[in-house]
1. Please enumerate the residues belonging to the range 161-184 that are farther than 29 Å from LEU114 by Cβ, assigned to a strand (DSSP E or B) and either more than 15 Å from the chain's Cα centre (by Cα) or of a type outside the set (S, T, N, Q) (or both).
2. Checking the conditions here, which among ILE32, ILE63, ILE75 is under 17 Å from VAL90 (Cα atoms), in contact with a Gly (Cβ under 6 Å, 6 or more places away or on another chain), open to solvent by less than 40 Å² (accessible area, probe 1.4 Å) and among the hydrophobic types (A, V, I, L, M, F, W, C)?
3. Could you grab the pairs with beta carbons closer than 6 Å, sequence gap of 6+ or different chains, first residue in the range 177-196 and more than 20 Å from ARG216 (Cα to Cα), second one outside any helix (DSSP H, G or I) and open to solvent by 10 Å² or more (accessible area, probe 1.4 Å)?
4. Any residue in the range 82-100 that is without any contact (Cβ under 8 Å) to a residue 40 or more places away in the chain, open to solvent by 40 Å² or more (accessible area, probe 1.4 Å) and more than 22 Å from ALA150 (Cβ to Cβ)?
5. Would you confirm whether any residue within the range 126-141 is at negative phi, free of Cβ contacts under 8 Å to residues at least 40 places away in the same chain and touching a Phe, Trp or Tyr at 6+ places or on another chain (Cβ under 6 Å)?
6. Does at least one position in the range 39-61 carry a residue that is β-branched (Val, Ile, Thr), closer than 18 Å to ILE204 by Cβ and touching a residue at least 60 places away in the same chain (Cβ under 8 Å)?
7. Take TYR144 and decide whether it is closer than 27 Å to GLU217 by Cα and within 15 Å of the chain's Cα centre (by Cα).
8. Do the conditions hold for PHE4, that is, is it assigned to a strand (DSSP E or B), aromatic (Phe, Trp, Tyr) and either open to solvent by less than 20 Å² (accessible area, probe 1.4 Å) or at pLDDT below 95 (or both)?
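The values are calculated or read from the model by the stated rules, or taken from the named source; none is laboratory data. Please read all numbers here as calculations on a predicted model, not as lab measurements. FYI the Cβ positions are ideal-geometry reconstructions off the backbone, even for glycines, and counts take in every protein chain you see. Note: areas computed on protein heavy atoms with side chains; ligands, DNA, RNA excluded. Shrake-Rupley method; radii C 1.70, N 1.55, O 1.52, S 1.80 Å.
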Amino acid sequence: MATFVLVHGAFGSPAELAPVIPLLEASGHRAIAVDLPCTDPKATLDDYARTVVEAMAGIEGPIVVVGHSAGGATISLVPGRTRVDRLVYVTAVVPEPGRSIVDTVGADVRETMLSVSHDDGNGCRSFDFEMLASLAPPEEREAYLAFLRATQRSQGWAAMEQPWPGRSLPDVPRTYVLCTEDTIIPPAKQREMAARLGVEPIEIASEHAVFTLRPRELAAALAE
């Protein structure tokens, strides 16, 4: 039995990760979703990593730390602070020393994030839910709007623009899960991320919110 430590990305929350947890538990594993201090405009990636480490206190047996989206920058800091047996990047950012998350994902992804969010005036940005929902097919808009309201929240922007503080990628086993229908981090960019890890990605036919949209497929990939 392994313990899966699930880490959300920018604007996200543990609620977005929750659908995978009972499926992993049904496979005989344990899973917890970490609540990052992303709504604090002063919180840094080091604060994020510290939160993950604190959530892992007392865990015995194999530990798999899973990062979604921008959460890849956070999980990459964890092995330098505590024991980790494997890192899993789920359509996630693979950071580069000295470069920020928004620099690493590239100008196109950065502009996408800015275009669908607004400045809260306090160091955070928040998604424009109505705008995002309008991009979905008409028959899916109400459900997508409900999903956004239930799982997404404001994001301290300083953490997104600070240089990644790690010296190098951690030398632990790692896996990359690529979402082939992702319109937030395009599949081509994800392949670049997987190549940086030196791994062949596992592919799932899903949009970016794979924890919610394809929880069974993702849980099966993680359990393997």
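1. Within the range 161-184, ARG174 is the sole residue that qualifies.
2. ILE75
3. Correct list of pairs: ILE184/HIS208; PRO187/THR180; ALA194/PRO201.
4. Yes - at least one qualifying residue is present in the range 82-100.
5. yes
6. No.
7. Spelling it out, it is not the case that TYR144 is closer than 27 Å to GLU217 by Cα and within 15 Å of the chain's Cα centre (by Cα).
8. Values: assigned to a strand (DSSP E or B): yes; aromatic (Phe, Trp, Tyr): yes; either open to solvent by less than 20 Å² (accessible area, probe 1.4 Å) or at pLDDT below 95 (or both): yes.
Here the answer is yes, as PHE4 does meet what is asked.
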